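The values are calculated or read from the model by the stated rules, or taken from the named source; none is laboratory data. None of these values were measured; they are calculated from a predicted model. Don't worry about glycine lacking a Cβ; one is built from the backbone with ideal geometry, like all the others, and counts go over all protein chains shown. Side chains are part of the model used for accessible areas, which takes the heavy atoms of the whole protein and leaves out ligands, DNA and RNA. Shrake-Rupley method; radii C 1.70, N 1.55, O 1.52, S 1.80 Å.
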Amino acid sequence: MTNTPTNSFEWVLFIAKKYSDLFLRGTWLTMLVSVSGTLLGFILGYAVGIVQDTAVNKEDNPVKRGILLFFKGICTLYVELFRGTPMIVQAMIVFYGLRQAGFEIDPISAGILVTLLNTGAYMAETVRAGIKSIDAGQREGALALGMSPISAMFHIILPQAFKNIVPEMANMFLTNLKMTSVLNVIGVQELFLQAKTAGGTYYKYLESYLVIALIYLVLCFVFSRVFALIEKKTAVRKDYVLAVEYMENTQ
Amino acid sequence: MSEEIIRVEELGKSFGEHQVLRKIDFSVNKGDIICILGSSGSGKSTMLRCINQLETQSCGKIFFHGSELGKKQKEINEYRSKVGMVFQSFNLFNNMTVLKNCMEGTQKVLHLPKKEAFERAIENLKAVGMAPFINAYPSQLSGGQKQRVAIARGLCMQPEVLLFDEPTSALDPEMVGDVLNVMKELAKKDLTMLIVTHEMDFARDVSNRVLFMDKGYIVEDAPPQKFFSAPEHPRAKEFLSRFIAG
Ligand SMILES: Nc1ncnc2c1ncn2[C@@H]1O[C@H](COP(=O)(O)OP(=O)(O)OP(=O)(O)O)[C@@H](O)[C@H]1O
Ligand SMILES: [Mg+2]
C-alpha cells in the first residue's frame, strides 16, 4: 500500500483513475440522454409551438376548426403539465407508469423520453415567443406574393425565429446536460449514479462528486463553444459585395 | 371600354363594433392607375388589405375577371400571386439577400426554374436601379432602396395589378422622388396600379382616377383633373384646401 492517497486531492485522482470506466460510461450516458433527448425535444417543441401559434380561422369549415382546436387543447395541456411538475417526478411517473401499463421500457429510453418531453414543453413556449417576435409584416410580405401560410411559416418566419431562439436553445441544452442527473432515480447510469457507486467503496463521496463536477464543467464548456459557433454562423454578414457587373454608367 | 380586372361589390369591414368600411363599390380596369386619397383613419389601408385578402371582409364580394373570389386558401394564394402588394414598411424578408427576396416568390409560388427566376429578378432589379445590390441584406439598405427592391419583388411575379399602401410615407424626403420615379415608369408601361398616397402632385399627374375616402365610404370617384379642380364632396374640398394651404 505504498500509494494510498493521503489527502483529498490525491483521493480525487485516485478515484478518477480507479473508476475511470464508470466515469466514462457515465459521461457517455449523460451525453447520450441529454443530446438525443434535447434534440428530439427541440423538434417536438417546434411542432407544438407552431400548432399553438396557428390561428383558428372563423372562415374555415367546422371539421378543420374542430381538429385544430382539439390539437391546440392537447398541446396546451401537455405544456402546462410538463412545465408545472419537477423533472424528477416526471421521471418516476413515466418510468413506473409505463412499466405498470405493461411496457417493458428500459431506464435509458425512459430517460430520453422524459428529457424530450420536458424539453419540448419549454421549447414550445420559446418557439411561440420566437415566432411572435417576428414582425407581422414578414408574414404579410410572403402572403402577398401568394405563398401559403405554411410556406410563409417555414421559409420566412421560422428561419428568422430560429436565429433569435439559438441562445435559448443553448441554454436549454446546458440545463439538460445537468438535469439528466435526476434520472439516477430511475436507474439510468449517468454521471451522478456512477459517482455515487464510485464513492461508495472507500466512502469518499465528496472526492467522487468532485470528479464528476469537473466532467460536467468540461462538457458544458465544450457545448457552449459549439453553440457560440452556431450563433456566429447564423448571424447576418456585415459586408456585401457590390455586383459591379450590373452597375450602370447612367445614374 | 377596357377589360375589367377587379370589381368590389358592397364591401364592408368591421373590427368588432367599429365599422371601418361601408358599401365599397368600384372596379379596376386594365391599365387603370387609381390613387386613393383620404384623411388618416378613413379606411384606405383596410380597403387595400381587403382587396388583397390580408383582411377578410365582413360583407360584400370581390370579383376577379368576373368570377367571385372564394374563401379557399388555395384560391386566395393564386389570386394574390396575380395581385401584388407593396407596403409602407417594405416587408422585405430580412433573412434573405436582395436577390433571394426577388426569387422567393417566382420559385416557391410560380415554380420557375432557378435560372429563369434569376433572370427575372435581375431584369426587374435593373428597372428599379437596384441590381448592383443583389448581395445585400435588407438591413444594409436605405428606406428608398428597400422600397425599390420591394417593388421589384412584386414585379417579378408579373402581377396583373399592383397595390401600393403609402409606399413613400416611411421615407426620408430625399428618397421619395426615387420611388415615385420608379412608379411613374411603371405607369408608362401600363401596369395597373392602386395607390394609397399622400403625394398630391403624383396623384394629379400620374393617375387616371382618384378615389376619395371618408369615414369608410368612397365619397368621390373622379378623374384627377376634375377632382383637383372641382371636388364635389365637402370633405374632399376641406381635404384639398388643407393641402393647398400646407
Ligand atoms: N386590425 C385592426 N383592428 C381594429 N381596428 C383597426 C384595425 N385596422 C384598422 N383599424 C381601424 O380602422 C380604421 C381605418 O384604418 P386604416 O388603417 O384603414 O386607415 P387609413 O385610411 O389607412 O389611415 P392612414 O392614412 O393613417 O394610414 C382606423 O380607425 C383604425 O383604427
Ligand atoms: Mg393606412
> What single numbered condition from (1) of a type outside the set (S, T, N, Q); (2) outside any loop (DSSP other than H, G, I, E, B); (3) within 18 Å of A:GLU140 (Cα to Cα); (4) within 16 Å of ligand 2 (Cβ to nearest atom) fails to hold for B:ARG148?
Replying inline: (4)
>> With the structure loaded, tell me whether B:ASP165 is among the charged types (D, E, K, R), open to solvent by less than 20 Å² (accessible area, probe 1.4 Å), farther than 14 Å from B:GLN147 by Cα and touching a strand residue (DSSP E or B) at 6+ places or on another chain (Cβ under 7 Å) or whether it fails that test.
In response: no
>> So B:ASP221 ticks every box in (1) farther than 19 Å from B:ILE51 by Cα; (2) in contact (Cβ under 8 Å) with a residue 60 or more places away in the chain but one. Which box is left unticked?
In response: (1)
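Within the range B:203-235, how many residues are touching a strand residue (DSSP E or B) at 6+ places or on another chain (Cβ under 7 Å), within 26 Å of B:VAL161 (Cα to Cα) and not polar (S, T, N, Q)?
Step one: list which residues in the range B:203-235 are touching a strand residue (DSSP E or B) at 6+ places or on another chain (Cβ under 7 Å), which gives B:203, B:206-214, B:216-224, B:227, B:231-233, B:235.
If we keep only those that are within 26 Å of B:VAL161 (Cα to Cα) as well, we get B:203, B:206-214, B:216-224, B:227.
Right, trim to not polar (S, T, N, Q) and you get B:203, B:206, B:209-214, B:216-224, B:227.
Of the residues in the range B:203-235, 18 are touching a strand residue (DSSP E or B) at 6+ places or on another chain (Cβ under 7 Å), within 26 Å of B:VAL161 (Cα to Cα) and not polar (S, T, N, Q).
Listed here are the residues, each with its yes/no results for (1) open to solvent by 30 Å² or more (accessible area, probe 1.4 Å); (2) within 14 Å of chain B (Cβ to nearest Cβ).
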residue	(1), (2)
A:PRO159	yes, yes
A:LYS163	yes, yes
A:LEU177	no, no
A:THR197	yes, no
A:THR201	yes, no
A:TYR205	yes, no
A:LEU219	no, no
A:LEU242	yes, yes
>> When the residues of the range B:67-89 are narrowed to those that are under 13 Å from the mean Cα position of the chain (by Cα) and more than 8 Å from chain A (Cβ to nearest Cβ), which ends up most open to solvent (accessible area, probe 1.4 Å)?
In response: B:GLN88
>> On the basis of being in a helix (DSSP H, G or I), within 21 Å of the chain's Cα centre (by Cα) and among the small types (Gly, Ala, Ser), does A:GLY66 make the cut?
In response: no
> Considering B:VAL179, B:VAL196, which residue is over 30 Å from B:GLU9 (Cβ atoms), open to solvent by less than 10 Å² (accessible area, probe 1.4 Å) and among the β-branched types (Val, Ile, Thr)?
Replying inline: B:VAL179
>> Need the failing condition index for A:GLY146 against (1) at the interface with chain B (Cβ under 10 Å from one of its Cβ atoms); (2) at pLDDT 90 or above; (3) out of contact with any Ser or Thr (no Cβ under 6 Å at 6 or more places or on another chain), just the number.
In response: (3)
> Which one of these does B:ILE62 not meet: (1) away from ligand 1 (no atom under 16 Å from the Cβ); (2) under 23 Å from B:ALA150 (Cα atoms)?
Replying inline: (2)
>> Here's a check for you: in the range B:151-187, which residue that is within 16 Å of ligand 2 (Cβ to nearest atom) and of a type in the set (Gly, Ala, Ser) is farthest from the other protein chains (Cβ to nearest Cβ)?
In response: B:SER169
> Which number in (1) open to solvent by 60 Å² or more (accessible area, probe 1.4 Å); (2) touching an Asp or Glu at 6+ places or on another chain (Cβ under 9 Å) marks the one condition that A:PRO86 misses?
Replying inline: (2)
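Across the range B:90-119, which residue is nearest to the other protein chains (Cβ to nearest Cβ) among those that are β-branched (Val, Ile, Thr) and in contact with a helix residue (DSSP H, G or I) (Cβ under 6 Å, 6 or more places away or on another chain)? So that I can check it myself, show each step before the final result.
As a first pass, look at the range B:90-119 and keep what is β-branched (Val, Ile, Thr): B:97-98, B:106, B:109.
Subset that is in contact with a helix residue (DSSP H, G or I) (Cβ under 6 Å, 6 or more places away or on another chain): B:98, B:106, B:109.
Values: B:VAL98: 9, B:THR106: 9, B:VAL109: 4 Å.
Checked the range B:90-119; the qualifying residue nearest to the other protein chains (Cβ to nearest Cβ) is B:VAL109.
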> Which is within 16 Å of ligand 1 (Cβ to nearest atom), within 12 Å of another protein chain (Cβ to nearest Cβ) and either at pLDDT below 95 or within 25 Å of B:THR197 (Cβ to Cβ) (or both), of B:LEU54, B:LEU11, B:LEU37?
Replying inline: B:LEU54
